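A.B. asks: Handing you a structure now.
The values are calculated or read from the model by the stated rules, or taken from the named source; none is laboratory data. What you are looking at is a predicted structure, and each value in this text was computed from that prediction instead of being measured. Backbone-built Cβ (ideal geometry, glycine too); neighbour counts: all protein chains shown.
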Amino acid sequence: MSYLIKPDNYKPILDLKQTELGIKQIKDFFQINLSSELRLRRVTAPLFVLKGLGINDDLNGIERPVSFPIKDLGDVKAEVVQSLAKWKRITLAEYNIDPGYGIYTDMNAIRSDEELGNLHSLYVDQWDWERVIIEEERNVDFLIQVVKKIYAAMVRTEYMVYESYPQIKPYLPEELHFIHSEELRALYPDLTPKERENAISHKYGAVFIIGIGGLLSDGTKHDGRAPDYDDYSTIGLNNLPGLNGDLLLWDRVLGRAVEFSSMGIRVNKEVLLKQLKEAGAEDKLELYFHKRLIEGSLPLCIGGGIGQSRLCMFYLRKAHIGEIQASIWPKEMRDDCKQHNINLI
């Protein structure tokens, strides 16, 4: 079911022409800074992969990938990628990338099960990145170090936007606040996970929540994760499990927390076996990706995705992701947006 936030007295700061120019400036500037901060080289990514290899991501495990038959392959099915976490790890191995270096790419996807709204579209575009690490870097201190580098690029980009469009005032805090999902639950025990995200993001402006996908002390999860890419069971912050997390910013236009990046240290063989068993998904061990990980032909790595349209939406102070990208929206939403000065492309 679609849902629309309609900010009071909303009026876009930039017109359509300025917006299109701003989008290009942001994308060009941010990816250069991201690649410099993390020592990443750009590679070309697929739009679709063959079904049944275990390369496509399951996200939360319930989203249905868009699939289609390939005539010249005897109607073998292909799937539009949902994200590229597993594909990137295979690519690191094929390019023989050294530890301390990595790759990034433009990931374009179709997620037909998205609940459409201000932040969610059928079309997903993000920078997917992955970097080779060594065993000694599989710890929460290294995770935090990498997250800080990404956030530094985000702050730098906001200032670039301000220099180009002085009417858009920067408000990101200099420091990013880190907290574990279990600590967040203890801080706001009577709130839902999304309400906790709003509360902590409103307080600090920019937050990284560690430990996404594992069980909390009350038997719930802060949010879901597929068990075969992020490591959410290894001990992380303050002796609490999780070497992954989500980066959230407080969006003043929408008056809520917005997730801009999901990332983490990836599973090794031992953690893969553990998390698949806990999830009751050990059948995946017969798939191509999982066999390669078990046999040791894939490197240890850290990686994630950063939403391109969301980032542009935030920097340009837009109320709807449809002001940044062209997609399909319910007629009722288009009509409602038009009445509230939200100009969907």
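A.B. asks: Identify the residue in segment 121-150 that is part of a helix (DSSP H, G or I) and basic (Lys, Arg) and, among all such residues, is farthest from Leu237 (Cα to Cα).
C.D. replies: Lys149
A.B. asks: Here's something else I'd like to know. State all residues of segment 1-58 that are aliphatic (A, V, I, L, M), buried (at least 16 other Cβ atoms within 10 Å of the Cβ), closer than 30 Å to Ala279 by Cβ and touching an Asp or Glu at 6+ places or on another chain (Cβ under 7 Å); if no residue qualifies, say none.
C.D. replies: Scanning segment 1-58 gives Ala45, Val49.
A.B. asks: Still on this model: From Gly255, Gly236, grab the single residue that is touching a residue at least 60 places away in the same chain (Cβ under 8 Å) and exposed (fewer than 14 other Cβ atoms within 10 Å of the Cβ).
C.D. replies: Answer to the check: Gly255.
A.B. asks: Of the residues Ile345, Ile302, which single one is closer than 16 Å to Leu116 by Cα and either crowded, with 16+ Cβ neighbours inside 10 Å or not small (Gly, Ala, Ser) (or both)?
C.D. replies: When all the criteria are applied, what remains is Ile345.
A.B. asks: Filter segment 95-132 for residues that are surrounded by 15 or more Cβ atoms within 10 Å (Cβ to Cβ), among the acidic types (Asp, Glu) and touching a residue at least 60 places away in the same chain (Cβ under 8 Å); which is farthest from Ile302 (Cα to Cα)?
C.D. replies: Asp125
A.B. asks: Within segment 271-313, track down each residue that is basic (Lys, Arg) and under 30 Å from Asp15 (Cα atoms).
C.D. replies: Residue satisfying the conditions is Arg310 alone.
A.B. asks: Let me ask something else. Scan segment 271-324 for residues that are over 21 Å from Gln31 (Cα atoms), among the aliphatic types (A, V, I, L, M) and out of contact with any His (no Cβ under 9 Å at 6 or more places or on another chain) and report the count.
C.D. replies: Number of matching residues: 10.
A.B. asks: Being more than 30 Å from Ala153 (Cβ to Cβ) and in contact with a helix residue (DSSP H, G or I) (Cβ under 9 Å, 6 or more places away or on another chain) narrows it down to one residue among Ser233, Ser297; which is it?
C.D. replies: Matching residue, one of Ser233, Ser297: Ser297.
A.B. asks: Based on this model, can you work out whether Asp283 counts as assigned to a loop (DSSP other than H, G, I, E, B) and of a type outside the set (A, V, I, L, M)?
C.D. replies: No, not satisfied.
A.B. asks: Quick one: would you say Leu92 is touching a residue at least 12 places away in the same chain (Cβ under 8 Å), exposed (fewer than 14 other Cβ atoms within 10 Å of the Cβ) and among the hydrophobic types (A, V, I, L, M, F, W, C)?
C.D. replies: Judged against the criteria, Leu92 is not a match.
A.B. asks: Specify the residue that is nearest to His202 (Cα to Cα); the eligible residues are those in segment 253-281 that are of a type in the set (D, E, K, R) and modelled with pLDDT of 95 or more.
C.D. replies: Within segment 253-281, the match that is nearest to His202 (Cα to Cα) is Arg256.
A.B. asks: Take segment 59-89 and flag every residue that is among the polar types (S, T, N, Q) and either exposed (fewer than 13 other Cβ atoms within 10 Å of the Cβ) or in a helix (DSSP H, G or I) (or both).
C.D. replies: Across segment 59-89, the qualifying residue is only Ser67.
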